[in-house]
Each structure stands twice: as structure tokens, then as C-alpha cells.
2 protein chains.
Amino acid sequence: MDITEVAKASGLPASTLRFYEEKGLIQSNGRSGLRRLFSANVIERLALIALGRNAGFSLDEIAEMFTPDGPDINRALLLTKADELDKTIEELTAMRDGLRHAAVCKAPNHFECPKFLRLLRIAGKNRFRQPNRLKENKLKRGVKKT
Amino acid sequence: MDITEVAKASGLPASTLRFYEEKGLIQSNGRSGLRRLFSANVIERLALIALGRNAGFSLDEIAEMFTPDGPDINRALLLTKADELDKTIEELTAMRDGLRHAAVCKAPNHFECPKFLRLLRIAGKNRFRQPNRLKENKLKRGVKKT
DNA sequence: ACTTGACTTCAAGTCGACTTGAGCTTTTAT
DNA sequence: ATAAAAGCTCAAGTCGACTTGAAGTCAAGT
């Protein structure tokens, strides 16, 4: 497959595929002239990468998991991530409930509302920073460029 | 309070407080010489900001919510965010289960495991990018620096 | 023969949320 | 009186994951 086919099949722009190749996350098997040729299994690779990203792995972490030839995964790392996700899920759930409550809360000032204050305590507990690209959700396929 | 007191009380570095002030998220009420003076309620403001960040709001969005004098919150926006969180929670839950399964799965290749494939489908559905600072979790002193 | 358009490389730019550094001024302690 | 500590401003740097732009190469269609 050439890079455009992979792009179409994966939904990722060609630039990302080149970037991933440079990072060692995927590889092309040869060239036709200048052009990269990929074998079909790169699609599965990419799905696996997407999976990892969604689970909160960085590209570097994913690359590490791939290095022992083939996707033979570090099980301990997986379990650690699962635990982290548990914690995140718990926090987000509290946030969600808090938001829903805040939206209907009658208290003139949220600081007078016990439920809201409970929320604040949760927020206070976890002071990590979490950038929110979540909203973007841009499925920019590199198909039409113009 | 001076900036260091606020920093200690909030757990945020002074640089962040200046940055937030510049962004209009908090304000200092006057100066003592060069030095900013903050009133105590800035702490609550900061808690509210932390809350918003954890819920996935950007600083700009938080600033917007603050503009109609006082934290009088845009309820529709809150509900929208709550819905987004629902979706995110659902996805993360699937991921977590998938990770736990993958960690114990006997299939020599994950692509031969139906559960794993189900996971991949979920991953494929949501192609948003989610940077993972989650791992950092640096509680940059403030309270305690062991 | 020549243009087009898909592909290539490499460097630099982007985004959000801060942090860091340089070079001052002010306060506090000796 | 003086020097260190703490604040200040403003510009630039950082991080991760890509994207974009400039400039070049190459196969194909007219």
C-alpha cells in the first residue's frame, strides 16, 4: 500500500504516518522510487497505537511496548495504567455529577452549596494538570488538502 | 495576603498566580510597593479554577464563566461538559477493562483475541487525541515537599 | 515535451499552560 | 549602610504530538 491508502484506511493524515515512522512506531517496507510502501498489517499497528493513545500512553511508551519484537506487551505496565484509569474515572465521575448539580443548583453562591463544596474538595485532592484536547475531536483526514 | 501566602495556601507557584492574573482569572487588589496584595477569597477562586481544569475546561473557558460578574456559571455549558464527561468515562472504562484483560490474555497474538479486538473497535471509534499528562501528577510542593 | 499532482525531505511552526531567565526594585535582616 | 531575599516585568523557552511550508523528485496523462 502507498501512504495515501494507509492514510485512508487509518483515518490518519500522511504527515502523521511519516511522523510515526520517524519515531519508530510503524515501518514501511521499502520504496517504489521515493515513495514508501507499507504492508497491510501496518493498519493493525496503527489501531494498536490509537488504542494506546486513548488509554493514556504517550507515543514513547507505546514505542517501548513495541520494541520486544511484535506487540508483546509489558503486562505490569498495562495493569498500572488500568489502575490509573480507575482513579481518573472516579474523579471524572465526581466531576460530572458536580457539574450536573451545579447546573441546577439554586444556591446563589456555589460556595454556600454543600454538594458543590464536596466537589471542590475532590478537585483539591488531585492537583495534576490535564490539558483538554478532549473537546477538539477533530477528525482531520489528510485527504482533501487544498 | 502576599503572593507567597497565596502560593502556599493554594499549592500553586507564584509564577502561575501571576500568569492567572494576567489572564484575568484572578485579581490582586492593589499593591504594597511593587508587591501584589490578594484578598483571601482568591483561594476559593483558585479552587474553582482547579475544579474547572479537572473537569476539562480550558483556562479561556473558565475565564468566560467568570466574566458575568462573579462565578455565575453558564449552565448549558456545564451540562454539555457533563455529557462529554459521560462519553469520556464510558470510553475510559472500556479501555481499563481492555487493559486488564490484555494483561492476562493467553492468546499468543492479541489480534486473535476477540475481547482485544472489541477493544480495538472502541479505540477506533474515538479518534480524538488525548495527551497524557495524567502520568506526571507532579504535586509541586506547596504543602509538603518530601 | 511538459505539466500536473502525489510524494519526498527537513526545518520550523502551532497549541495550551505554564516555567525560566535576565535584569531591575523593594523589603528585611545584619 | 549594605547585602541578601523576595517581588517585579517582559521575553523567551518547554513539552508532546503533530502540522505546515518550502523546495525538490518522480510517474503519468495530454
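The values are calculated or read from the model by the stated rules, or taken from the named source; none is laboratory data. Being a predicted model, the structure only gives us computed values, none of them experimental. No Cβ is skipped: glycine too gets one built from the backbone with ideal geometry, and neighbour counts run over all protein chains shown. For accessibility, only protein heavy atoms count, side chains too; no ligands or nucleic acids. Shrake-Rupley method; radii C 1.70, N 1.55, O 1.52, S 1.80 Å.
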- line: For region A:37-51, the count of residues that are over 18 Å from the mean Cα position of the chain (by Cα) and surrounded by fewer than 19 Cβ atoms within 10 Å (Cβ to Cβ) equals 4
B:V42, sole failed condition from (1) more than 9 Å from DNA strand D (Cβ to nearest atom); (2) over 20 Å from A:F116 (Cα atoms): (2)
statement: Checked A:L119, A:L79, A:L85 against criteria (at pLDDT below 80, more than 13 Å from DNA strand D (Cβ to nearest atom) and in a helix (DSSP H, G or I)); the one match is A:L119
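Residue-wise test of (1) over 24 Å from B:G52 (Cα atoms); (2) not assigned by TED's automatic domain parsing to the domain that holds A:T16.
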residue: A:V42; (1), (2): yes, no
residue: A:L51; (1), (2): yes, no
residue: A:N54; (1), (2): no, no
residue: A:T93; (1), (2): no, yes
residue: A:G98; (1), (2): no, yes
query: modelled with pLDDT of 95 or more and open to solvent by 30 Å² or more (accessible area, probe 1.4 Å): does that describe B:R31?
result: no
statement: Flagged in region B:88-116 as closer than 12 Å to A:L78 by Cβ and in a helix (DSSP H, G or I), in numbering order, are B:M95, B:R96, B:D97, B:G98, B:L99, B:R100, B:H101, B:A102, B:A103, B:V104, B:H110, B:F116
message: Going through A:L51, A:L12, A:L92, A:L79 one at a time, which residue ends up being facing another protein chain (nearest Cβ under 10 Å) and more than 28 Å from B:V104 (Cα to Cα)?
response: A:L12
